[in-house]
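Working notes, structure below.
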Amino acid sequence: MDIQQQLLQVSAKLYKLLESVPNGDVRDKFIQDIDQLLDERGKFIELLVQKKIRLDIQNKDHLLLKKLDEGIKNRLENVMQVVKQDLKNLQKTKKHEKQYMNPYASIQVMDGMYYDKKK
């Protein structure tokens, strides 16, 4: 099979995988799958660069590959936004939990403090 066709297939798999972002424990597997497909895709692109094959807009496969690449970039940005929002929510939850466990930790009160001058 041609390297360009393999790149096209891997790109299509990645594009389809990025349709929706799962929640919970499934997300770890989802991110691993994305990473694996991106690695495969990178290897094929590197092989094409080594063979000095350039993008030709007149070629139907190259045009499809370019559109898939743009779609993949947009969908990866969406995945990043979802993950960033989840991390923010996690940090916020940790902060609120810490405040709930010890609500007076952030307050510094000096009332009732005295020094005993006796020896």
Task: Residues (open to solvent by 100 Å² or more (accessible area, probe 1.4 Å) and either part of a helix (DSSP H, G or I) or at positive phi (or both)) located in the range 42-70 - done: LYS43, GLU46, GLN50, LYS52, LYS60, LYS67
TODO: Mind listing whichever residues of the range 70-89 are over 11 Å from the mean Cα position of the chain (by Cα) and β-branched (Val, Ile, Thr)?
DONE: ILE72
Open item on the list: I'd like the full set of residues that are at pLDDT 90 or above and surrounded by 14 or more Cβ atoms within 10 Å (Cβ to Cβ), limited to the range 16-30.
Closed with: LEU17, LEU18, PHE30
Task: Condition met for LYS13 (open to solvent by 70 Å² or more (accessible area, probe 1.4 Å), in a helix (DSSP H, G or I) and in contact (Cβ under 8 Å) with a residue 12 or more places away in the chain) - done: yes
Task: Residues of the range 13-28 classified as closer than 14 Å to ASP39 by Cα and aliphatic (A, V, I, L, M), total - done: 1
Open item on the list: Can you find, within the range 48-82, the residue that is nearest to LEU14 (Cα to Cα) among those that are at pLDDT below 90 and aliphatic (A, V, I, L, M)?
Closed with: LEU65
- [ ] Select, from ASP111, ASP86, the only residue that is modelled with pLDDT under 90 and among the acidic types (Asp, Glu).
- [x] ASP111
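The values are calculated or read from the model by the stated rules, or taken from the named source; none is laboratory data. Because the structure is predicted, anything quoted here is derived from the model rather than measured. Cβ sites come from the backbone with ideal geometry, for glycine too, and all protein chains shown count toward neighbours. To get the accessible areas, we keep the full protein, side chains included, count just its heavy atoms, and leave off ligands, DNA and RNA. Shrake-Rupley method; radii C 1.70, N 1.55, O 1.52, S 1.80 Å.
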